[in-house]
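Visitor: Below are the structure tokens for one structure; questions will follow.
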Amino acid sequence: MKDRFRKAPLLAIATVVMGGATQVLGEDITSLEGFQAMPLAYPKFMIDNLWILISAALVFIMHLGFATLETGLTRQKNTVNILFKNIFIVNVGIITYALTGFNTMYPGDFNDFISIGGAIGFDDAVANMTANYADYTYWSDFIFQAMFAATAATIVSGAVAERIKLSSFMVYATLLVAFLYPIAGSWKWGGGWLDDMGFYDFAGSSVVHAFGGFSALAMVLVLGARKGKYVNGQIRPILGHSMPLAAIGVFLLWLGWFGFNGGSVLSADPGLVSLVFVTTSLAAAGGALASIFVSIVYLKKPDVSMALNGILAGLVGITAGADTVIWSSAIVIGAIAGAIVVFAIVLIDRIRIDDPVGAISVHGICGIWGTIAVGIFSTNPEHSLSTQIIGTLSYASFAFFASLILALVLKSTVGLRVTEQEEDEGLDLAEHGQPAYADFQHITN
Amino acid sequence: MYKIEAYLRPASLEKVQEALAAVGIAGLSVLEVRGFGRQRGHREVYRGAEYTVDFVPKIKVEVAVKESDKQPAIDAIVAASKTGQTGDGKVLVSAIVEAVRVRTGETGDSAL
């Protein structure tokens, strides 16, 4: 049975890709060995390329996930503003990535630290479109990486929600996605100094998530807490207005993560892509169960927003090593991330850092954990704990200080925060003159 | 004519509706309201931090009744919504000076 199941699709693929003339192959395609011996360069390229494009589309869906998650965990009077920021980020992200980001992040030979690139495209049409470039075309490479790029700025959006001035955020997000993220990304994925050191970050626990999380931390420190969050030395939780939207967001993010991690294999390699799907999902599940357990034992309540954050923590945690750890390690990495995230969210809240969605904990802290976890759990002996620590701290500190400077400059020039009155009224009306939910609604929240 | 305003637990609405119908009350209005009484709200936890729900969600049932229906309606509401726990709510009764049925222009008891 097993053999029949295996052969049927192989025959079908061979028939399709070889124009139906199976006999001209000159190979015995009734055995797996025979099939593998076929001249498969072009069909392999097609499938690899297609997988990268599907992955790009999956990563795109993550932007919807971020948008609904952030919307759900904040008050309804700021819904239009959050959606607007998310719309802006993904679009400005793709365009700036085309104009400079892609070639800044993948500069080819460079000084290993910084090389600001120009627009996409190069003259060699054959190399653009064939396996001379990679297992995918130049354009697939661009669109997959472009979808990644905007996620770093989206992470910040949630943490600064409900009080940041829209214009300042737009300036900040543009600079972040056009320059800061690609420069930092080039250190590892562009073949820069961290890559030379042997640092490993498969799909971006550090390059994307710790980077986004620590950018968020700097912004929140300069921005301050939402009005009414910390009053007379007491924490007054500000409840999110839609747990269904938050749940939709997290499940969409999980779906998108199959492309985020699965596409980062950079081919449709059957073994690696399927391994990555398994490690990614096991880590998400481990993160969810751990955060549920910690939430019940430590917080005395099964908090749904913590369970959702636990899923994300597990996903962020596995991202650095999804292709290089065994399945059981993935559960451990995810579970530790899920436990960390609950304590981190509570601790960060207690030290008066107001992060409405938990982005600093989920992406920043768990991003660092996931990167360090590669040094502990990797099956590749070349990955070292010390290099992983140096790498992830480099990303966290660069993101933090670069964003800190941007935040301080924006604060002292155009201002970073809306007025108290605008904050009370809600950014939907104050900034956009448009409520998210028209007609009669509860107005107290 | 009297207006009966009952501030009740949201969960009791269905029973109150049935009880009022059983004593012949032909119509009622329901409002979602929030407020507090002697308990001054209650404590909850969100993402690890405790907070006070100052304004607890309640429903307010409004019924306009003629003199003879007043006591049966009050009794029906109280019987249908009482749990014996704090937070059962209150029933307030006030006099109605005039009533008009919009469609026909009838006034007084026949407008109810």
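The values are calculated or read from the model by the stated rules, or taken from the named source; none is laboratory data. Given the structure is predicted, the values throughout are model-derived calculations rather than measurements. Positions of Cβ are backbone-derived with ideal geometry, glycine not excepted, and every protein chain shown enters the neighbour counts. When the accessible area is computed, the model is the full protein with side chains, heavy atoms only, and any ligands, DNA or RNA have been set aside. Shrake-Rupley method; radii C 1.70, N 1.55, O 1.52, S 1.80 Å.
Visitor: Out of the total accessible area of segment B:43-112 (probe 1.4 Å, heavy atoms of protein only), what percent is carbon and sulfur? Working shown, then result.
Guide: Values: 2210 of 4170 Å².
C and S fraction of accessible area: 53 percent.
Visitor: Hey, what's chain A come to in accessible area per residue, 1.4 Å probe, Å²?
Guide: Per residue, chain A has an accessible area of 40 Å².
Visitor: Also: What list of ³J(HN,Hα) couplings, whole Hz, do you get for segment A:194-204 from phi and the Karplus terms 6.51, -1.76, 1.60, once you set θ to phi - 60° and write x for glycine and proline?
Guide: 6, 5, 4, 6, x, 5, 10, 9, 3, 10, x
Visitor: Oh, and also: What's the ranking of A:66-78, A:311-323, A:347-359, A:376-388 by average number of surrounding C-beta atoms within 10 Å, highest first? It would help to have the intermediate numbers written out before the result.
Guide: On the way: A:66-78: 26.2, A:311-323: 33.0, A:347-359: 20.4, A:376-388: 15.2.
The packing order, highest mean first, is A:311-323, A:66-78, A:347-359, A:376-388.
Visitor: Specify the inter-centroid distance of segment A:111-188 and segment A:215-275, based on alpha-carbon positions, in whole Å.
Guide: 19
Visitor: Please report the spacing between the Cα centers of segment A:351-377 and segment A:291-336 in Å, no decimals.
Guide: Cα centroid to Cα centroid, the span is 11 Å.
Visitor: Okay, next question. In peptide B:38-48, how many Cβ atoms from other protein chains are near each Cβ within 10 Å, on average?
Guide: Mean shielding count: 5.
Visitor: Which value at 222 nm does chain A reach when only helices count, each DSSP H run of 4 or more adding -39,500 (n - 2.57), with the total divided by all residues and rounded to the nearest 500 deg cm²/dmol?
Guide: -20500 deg cm²/dmol
Visitor: Sticking with this structure for a sec: GNM on chain A, C-alpha springs below 10 Å: top fluctuator among A:373, A:225, A:339?
Guide: Maximum fluctuation in the GNM of chain A, among the listed residues, is at A:225.
Visitor: May I pose another question? Would you mind checking which residues have amide H under 5 Å from residue A:117's amide H? H placed 1.01 Å from N; only 5 or more apart, or other chain.
Guide: The list, which skips near neighbours in sequence, is A:104.
Visitor: Something else now. Which one, B:77, B:25, B:96, has the greatest fluctuation when you compute a Gaussian network model over chain B with C-alpha springs under 10 angstrom?
Guide: Among B:77, B:25, B:96, the largest GNM mean-square fluctuation belongs to B:96.
Visitor: Given a 10 angstrom Cα cut-off, can you work out which residue in A:135, A:123, A:303 is the most mobile in a GNM of chain A?
Guide: Among A:135, A:123, A:303, the largest GNM mean-square fluctuation belongs to A:123.
Visitor: What helices does chain A hold that run 30 Å or longer along their axis, going by alpha-carbon atoms, with a Kyte-Doolittle average of 0.5 or more, using DSSP H for the helix calls?
Guide: Long hydrophobic helices here: A:41-72, A:138-159, A:270-298, A:327-350, A:385-412.
Visitor: When Cβ neighbours within 10 Å are restricted to other protein chains, what is their mean count per residue of peptide A:233-243? Walk me through the numbers on the way to the answer.
Guide: Working: counts 0, 3, 6, 5, 8, 4, 5, 2, 0, 0, 0.
Mean number of neighbouring Cβ atoms from other chains: 3.
Visitor: Relative to the compact globular guide of 2.2 N^0.38 Å, what is the alpha carbon radius of gyration of segment A:295-387, as a ratio? Kindly include the intermediate steps, with their values, before the conclusion.
Guide: Working: Rg = 13.7 Å, N = 93, 2.2 N^0.38 = 12.3 Å.
Cα Rg divided by the expected 2.2 N^0.38 Å: 1.12.
Visitor: Give the residue from B:2, B:96, B:56 lying farthest towards the positive end of the charge dipole for chain B; charges sit on Cβ (+1 for Lys and Arg, -1 for Asp and Glu) and the dipole is referred to the Cα centre.
Guide: Going by the Cα projections, it comes out as B:56.
Visitor: A further question on this structure: Residue A:99 versus residue A:300, label points 7 Å from Cα toward the beta carbon: distance in nm?
Guide: Those two pseudo-labels are separated by 5.4 nm.
Visitor: Near the amide H of residue B:34, under 5 Å away, which other amide H atoms are found, from residues 5 or more places off or on another chain, if H is placed in the peptide plane?
Guide: Distant-sequence amide H within range of residue B:34: B:58.
Visitor: Could you state the accessible area per residue of chain B in Å², with a 1.4 Å probe and every protein chain left in place?
Guide: For chain B, the solvent-accessible area averages 62 Å² per residue.
Visitor: Any idea what angle helix B:13-22 forms with the longest principal axis of chain B, computed on alpha-carbon atoms, 0 to 90 degrees, nearest 10?
Guide: 20
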